[in-house]
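Novice: One structure, as structure tokens, below. Some questions next.
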Amino acid sequence: MSKVTLGKALNLGLRKALEDDPKVLIMGEDVGRLGGVFRVTDGLQKDFGEDRVIDTPLAESGIIGTAVGLAMRGYRPICEIQFDGFVFPGFDQIVNQVAKLRYRSQGRVPMPIVIRIPFGGGIGAVEHHSESPETYFAHTAGLKVVACSNPTDAYWMIQQAVSSDDPIVFFEPKRRYHEKADLDEEANPYPLHAARVLRSGGDVTVLTWGPSVKTCMDAADAAREDGHEVELIDLRSLSPMDLDPVYASVERTGRLVVVHESPRTASLSAEVSALVTERCFYHLEAPVQRVTGFDVPYPPARVEDGFLPDLDRVLAAVDHTFEF
Amino acid sequence: MTVDSMASTRPRGDCVQLLTPEGERVTHPGYEDVDFSPEQVRGFYRDFVLVRRIDTEGTALQRQGELGIWASLLGQEAAQVGSGRALEPGDFVFPTYREHGVAWCRGIDPVNLLGLFRGVDHGAWDPAEMNFGLYTIVIGAQSLHATGYAMGMQRDGAEDAVLAYFGDGASAQGDVNEAFIWAGVFNAPIVFFCQNNQWAISVPLARQTRAPLYQRAQGFGFPGVQVDGNDVFAVHEVTKRALRGAREGNGPTLIEAVTYRMGPHTTTDDPTRYRIASEVEEWRLKDPIERVRVYLARNGLADQAFFDSVDEEANDLAASIRKRCIELPDPGPMRMFQQVYAEPSPTLERERAEYEEYLAGFEGSHA
């Protein structure tokens, strides 16, 4: 057991994936010699060579499109998209090709591709470096979408994603890359496509993922001081969503707050709200509350603190669930 | 509007041609030693007639309501058969949706092509078994897949090459140009085969490119060759050399096969709205099949019995694929849920189960 950052945990997981299967490749902009702009692939090209850790030309459609061909040839590419807002030049290849080739070929052409995307705000960046585009991918049949929130999950989830025969869009909370926690490399990994209860509590359920998990954990501490016990669930898998633990929790608490950074309209919290209403209608003591980014383009960095769900907005929503 | 849409298609000094539209065998600098056996030429002719017959049947089946749509290859037989017959077994093809002639050369059952346009599936052949990718509808997307596949061959140490098809319209797509960049910088074993058929639905070549397409390769750092796409000899030889170069580690080549889409873009299209009849007639005189037929007859390489037997074979093939196409079973509604994922998604499984239950509710309610 050792304390590592989330970024280092990903690095260790990627290293393990490269060691375990010679067909695994890493490809993207600056992933080789530099080790990635966040150093997530640090040292991997040195140890596994330029043919397996590939510095690509600067074109996202090219990264994804060539990964499709490599996958057809039996490779298992891990593509790095440098920042969330830069995934869109590759969007066509992801949505029309990566997501559909298994289906189009009736299972003859599997697409074991992982697309890593650092996502979310809070780092004071310029435009296009702080977005949360997970909904686009969760809306696309044929893709699976996950988001890690802590070093242990980062380490295991990236390996599980690489070994999956389905294409997986893998979101990494970039503003948590440097946060440390214990990493147990011997532990049995938690299933990839399962939500996880991080904290038990009987009064109100809070569901979130990615960078907002820590925000909500802090909010849960604060809520306790106000006399509300929060049950905090990390969704982890955004497609498919594993809502069984959420239903079970809401059946006990009667209250649900969903928190995410992406803009609200037609977001994943809308889907969660609809499903929880279908499944838990008679248990609900209050309407499902949402704490999200606003329906605006990601704002300039000096304004982002207002855009991002923070402890106070989460607490306000928690409190509001007791007003019905 | 002053750019002539035919600017890059007129015969040029550097456009490789080995058989004229009149069936005259000619030579080209660097191609003096090229030779084709009578058997090989008869083989090309047979391929042409059968492929054109498949195509005619596709259009007919669409007109009769048996296909949703058909994309005709009429006029492009030499470009497709010439390049398709240049492949070695280990090579891999990435087609667009119009490569029926290449599919034929790779041994794809024509009924599988008809099935796709009928709407029973998205392509029922196994790409890994046939070394022929699935038809790709998004224009130019397959050029990147082809390049990635070639990079995989490179990593495997295979002595094979990829042949990637696209058209003049696709040459404007970002993906095609990114594929050129990738293939160039990684020296991938790939041949880009552009069938310049002059029209992207209604938009002429002049709106896709200012420079002749084959010249574009130079800017990406690899050779580009322009070839008379209606001349099977030239197409075959140019493609064979490019594939050999790729296999030997010399990297990519761009081939621009200058040809013409004699029919509509697809059966939904009406080309009389955007091009003049005289242009079509001009190209009819350059028909790829007729010149091989003249060459065979004039040189005594085939007699009437041969031509008759090919026609008979075409008739039999047409009848067979028509029958088998019409008999293709409808897949049934539950088919849509299959193979979305390798590992089942509980969300999708629930939707599937709900729909199945819904359908079961109708059982026995209608005679």
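Novice: Over segment A:31-145, what lengths in whole Å, largest first, do the semi-axes of the equivalent ellipsoid take, defined as the square roots of 5 times the eigenvalues of the alpha-carbon gyration tensor?
Specialist: Values: eigenvalues 110, 81, 21 Å².
Semi-axes from the Cα gyration tensor: 23, 20, 10 Å.
Novice: Using a Gaussian network model of chain A whose springs link C-alpha atoms within less than 10 Å, name the residue from A:Ser149, A:Ser163, A:Ser132 with the highest mean-square fluctuation.
Specialist: Result for chain A, Cα springs under 10 Å: A:Ser163 fluctuates most.
Novice: Now, a different point. Could you identify which residue out of B:Arg352, B:Arg298, B:Arg42 has the top mean-square fluctuation in a GNM of chain B using Cα springs shorter than 10 Å?
Specialist: Per the Cα network of chain B with a 10 Å cutoff, B:Arg352 tops the list.
Novice: Can you compute the FRET efficiency between B:Asp126 and A:Glu285 using 1/(1 + (r/R0)^6), with r the Cβ-Cβ distance and R0 = 56 Å? Round to the nearest 0.05. All intermediate terms of the calculation are to be shown ahead of the outcome.
Specialist: Values: r = 55 Å, r/R0 = 0.98.
That pair, B:Asp126 with A:Glu285, gives E of 0.50.
Novice: Follow-up. What FRET efficiency would be calculated for the residue pair B:Asp14, B:Glu363, taking the C-beta separation as r and a Förster radius of 60 Å, to the nearest 0.05? Can you show the working numbers first?
Specialist: Working: r = 68 Å, r/R0 = 1.13.
The computed FRET efficiency comes out at 0.30.
Novice: Is the shape of segment B:15-331 best called rounded, prolate or oblate, per the rule: a/c under 1.5 gives rounded, else a/b larger than b/c gives prolate, else oblate, with a ≥ b ≥ c the square roots of the Cα gyration tensor eigenvalues? Kindly include the intermediate steps, with their values, before the conclusion.
Specialist: Values: a/c = 1.34, a/b = 1.14, b/c = 1.18.
The shape class here is rounded.
Novice: What spacing in nm lies between the two simple spin-label points modelled at B:Met336 and A:Thr277, each 7 Å away from Cα in the Cβ direction?
Specialist: Once both label points are built, they end up 2.4 nm from each other.
Novice: So which GluC sites (Glu not before Pro) in segment B:138-245 end up in coil per DSSP with only 15 or fewer other C-beta atoms within 10 Å?
Specialist: Details: sites: B:Glu159, B:Glu178, B:Glu237; in loops: B:Glu159.
The qualifying sites are B:Glu159.
Novice: Please report the projected area of segment B:39-121's Cα convex hull averaged over all directions, in nm².
Specialist: Details: hull surface 21.7 nm².
Averaging across all directions leaves 5.4 nm² for the Cα convex hull.
Novice: If you build a Gaussian network model of chain A, linking Cα atoms that sit under 10 Å apart, which residue out of A:Ile113, A:Ile123, A:Ile94 swings the most?
Specialist: Largest GNM mean-square fluctuation: A:Ile123.
Novice: Is segment A:15-67 rounded, prolate or oblate when judged by the Cα gyration tensor, a ≥ b ≥ c being the square roots of its eigenvalues, rounded requiring a/c under 1.5 and prolate requiring a/b larger than b/c?
Specialist: Values: a/c = 2.07, a/b = 1.25, b/c = 1.65.
It is oblate, given that a/c is not under 1.5 and a/b is not larger than b/c.
Novice: If you don't mind, another one. Would you mind giving the average projected area, over all directions, of the Cα convex hull of the protein assembly as shown in nm² with one decimal? Could the numbers behind the result be given before it?
Specialist: On the way: hull surface 141.8 nm².
That works out to 35.4 nm², a quarter of the Cα hull's surface.
Novice: So what is the calculated 222 nm ellipticity per residue for chain A, using -39500 (n - 2.57) for each DSSP H run with n of 4 or more, over all residues, to the nearest 500 deg cm²/dmol?
Specialist: Details: 11 runs with 106 residues, N = 324.
For chain A, the value works out to -9500 deg cm²/dmol.
Novice: Please work out how many pairs of lysine residues in the protein assembly as shown are eight or more positions apart (or on different chains) and have Cα atoms closer than 16 angstrom. Before the final figure, lay out each step's value.
Specialist: Working: A:Lys3/A:Lys180; A:Lys8/A:Lys16; A:Lys8/A:Lys174; A:Lys8/A:Lys180; A:Lys16/A:Lys46; A:Lys100/A:Lys144; A:Lys174/A:Lys214; A:Lys180/A:Lys214.
The result is 8.
Novice: Quick check: pseudo-label points 7 Å beyond the Cα along Cα→Cβ at B:Glu351 and B:Asn250, how many nm apart are they?
Specialist: Those two pseudo-labels are separated by 5.0 nm.
Novice: Once a ≥ b ≥ c are taken as the square roots of the eigenvalues of the Cα gyration tensor of segment A:194-296, is the result rounded (a/c under 1.5), prolate (a/b larger than b/c) or oblate (a/b not larger than b/c)?
Specialist: Working: a/c = 1.39, a/b = 1.10, b/c = 1.27.
The shape class here is rounded.
Novice: Right, something else. Using a Förster distance of 45 angstrom, determine the FRET efficiency expected from the C-beta separation of B:Arg324 and B:Ala277, and round it to 0.05.
Specialist: About 0.80, to the nearest 0.05.
Novice: Determine which residues of segment B:42-86 fall in the zone a paramagnetic label at B:Glu290 would reach in this model, i.e. backbone nitrogen under 12 Å from the point 7 Å along Cα→Cβ.
Specialist: none
FYI, it's all coordinate maths here, none of it is from the lab. Here the structure is a predicted model, which is why all the values come from computation and not from measurement. Note that each Cβ is placed from the backbone with ideal geometry, even for glycine, and that neighbours are counted across all protein chains shown.
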